[in-house]
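Just below is one structure, and these are the notes that go with it.
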Amino acid sequence: MPPKVKISKEMILDAGFKIIREEGYEHFNVRRIAEVLHCSTQPIMYNFKTVEEIRNDIYKIADEFHTNYIMPDISKGGNPLHLLGMNYIRFGYEEDNLFRFLFQSNEFAGNDVRQLIDNPDASPLINMVTMGIGCDVDEAKDIFLEFFCVVHGFASLLANNAMNYDEEQADKLLTQVFNGVIAVRDIKKT
């Protein structure tokens, strides 16, 4: 008789991430993970105390995946904030299930967008703005907030199938929004 395959935490998290990414978080449960791993639910619950613990760990994996996906390659040149926005919008389209899991599954309930921007994890993004535009950190946070609201809204529409993805349209919109935000900034300085 061959030895039983040991189900590890990593295997469980990989299966859960795959389910959420391919099928959506509404299909995520212990029974579905067990189906993917061809095992009973027992080894899954042996490795984790609760389903919420599994979900939280998968959320961290999805968040890291998202961060890596959207970070622009600044070595290629171009406006880093614009590139970040295009990547974010593309993520909403190409990874719609992960987008909804990350941003529409009540994880941010009770949080203010400003809290997200003030979070130390956001400092690389804010630094991109300060370097790209030549402004101080507070001004960069304001610019990022305005830009983020538009980008997130566009990505949300795509993730929820409310519109078709058109990269040229997205590029044009982000250019207009960015130029508008900068123009308002310049007007305020005069």
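Based on what the data block shows, is ASN164 modelled with pLDDT of 85 or more, of a type outside the set (D, E, K, R), in the same structural domain as GLY78 (by TED's automatic domain parsing) and more than 19 Å from the chain's Cα centre (by Cα)? If you could, list the steps in order and put the result at the bottom.
Numbers: modelled with pLDDT of 85 or more: yes; of a type outside the set (D, E, K, R): yes; in the same structural domain as GLY78 (by TED's automatic domain parsing): yes; more than 19 Å from the chain's Cα centre (by Cα): yes.
Yes, satisfied.
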Every pair of residues 6+ apart whose Cβ atoms lie under 9 Å, when the first sits in the range 21-39 and is touching a residue at least 12 places away in the same chain (Cβ under 8 Å) while the second is hydroxyl-bearing (Ser, Thr, Tyr) and surrounded by 13 or more Cβ atoms within 10 Å (Cβ to Cβ): TYR25/SER105; VAL30/THR41; ILE33/THR41
Restricting the range 155-190 to residues that are hydroxyl-bearing (Ser, Thr, Tyr) and within 30 Å of GLY24 (Cβ to Cβ), the residue that is surrounded by the fewest Cβ atoms within 10 Å (Cβ to Cβ): TYR165
Any pair with Cβ under 7 angstrom, 6 or more apart, that starts in the range 170-188 at a residue that is assigned to a helix (DSSP H, G or I) and ends at one that is modelled with pLDDT of 90 or more and of a type in the set (Phe, Trp, Tyr): ALA170/PHE154; LEU173/PHE154
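The values are calculated or read from the model by the stated rules, or taken from the named source; none is laboratory data. The shown structure was predicted, so the numbers you read here are calculated from the model rather than taken from an experiment. Quick reminder, even Gly has a Cβ in these numbers, built from the backbone with ideal geometry, and neighbours come from all protein chains shown.
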